[in-house]
Amino acid sequence: MHIRYLLSVCSLLLILLLVGCSAEINVDSDPGYAAVTDTKQLMNWIIDPNADVIWGASGWVVTEAGEQDLSPTTQEGWDAIRNAAATIAESGNLLLMPGHAMTGEDWQEISTGLTATAVLLIDAAERQDAQAVFDLGGTLYNVCVSCHQLYVYPEQED
């Protein structure tokens, strides 16, 4: 008798679990997010410091004492580049969200370019490819400059 009762309860719990797992989630509802920073703060507090991590960990410095390679020599150094690139990649997405998005095709192109470049930087850091990090750091710089020319200093000409 107890075994039948236990089996009935277990069956009922299994049915409830399966029904709960198959419930649809409404993805069209308001996501409930709001920008915490304004766009200038996003640039100054999040994107720029992380870009500096990438730029500071690639390339070479030549002095009278010789050439110094700035590439990471530890896993922690490569992880720092990867983490900075991931933050920049997600920041490119943030730039497309309400609270940051500006009208115009250029804004969308630059924001998606920022994300695309950062995704390539993540891969380069994972592969510990110093040359790719250096080259992509240059691409990242160009993406940043193109945005600044259009939105930060539009009165200046090339």
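The values are calculated or read from the model by the stated rules, or taken from the named source; none is laboratory data. All values reported here derive from a predicted model rather than from experimental measurement. Note that we place each Cβ from the backbone using ideal geometry, even for glycine, and neighbour counts take in every protein chain shown. All accessible areas refer to the heavy atoms of the entire protein, side chains included, with ligands and DNA or RNA removed. Shrake-Rupley method; radii C 1.70, N 1.55, O 1.52, S 1.80 Å.
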Criterion violated by Leu114 - all others in (1) open to solvent by 60 Å² or more (accessible area, probe 1.4 Å); (2) touching a Gly at 6+ places or on another chain (Cβ under 9 Å); (3) modelled with pLDDT of 90 or more satisfied:
(1)
Between a residue in the range 54-68 that is over 26 Å from Thr87 (Cα atoms) and any residue that is part of a loop (DSSP other than H, G, I, E, B) and open to solvent by 30 Å² or more (accessible area, probe 1.4 Å), which pairs come within a Cβ distance under 6 Å, given they are 6 or more apart or on different chains?
none
Taking the range 103-158 and keeping only residues that are under 25 Å from Gln68 (Cα atoms) and aromatic (Phe, Trp, Tyr), one is left with Phe134, Tyr141
Those residues of the range 103-122 which are over 13 Å from Thr139 (Cα atoms) and within 10 Å of the chain's Cα centre (by Cα), in sequence order:
Ile122
Taking Ala124, is it without any contact (Cβ under 8 Å) to a residue 60 or more places away in the chain, over 21 Å from Thr37 (Cα atoms) and surrounded by 14 or more Cβ atoms within 10 Å (Cβ to Cβ)?
yes
Quick one: would you say Ile122 is assigned to a helix (DSSP H, G or I), under 15 Å from Gly77 (Cα atoms) and of a type in the set (Val, Ile, Thr)?
yes
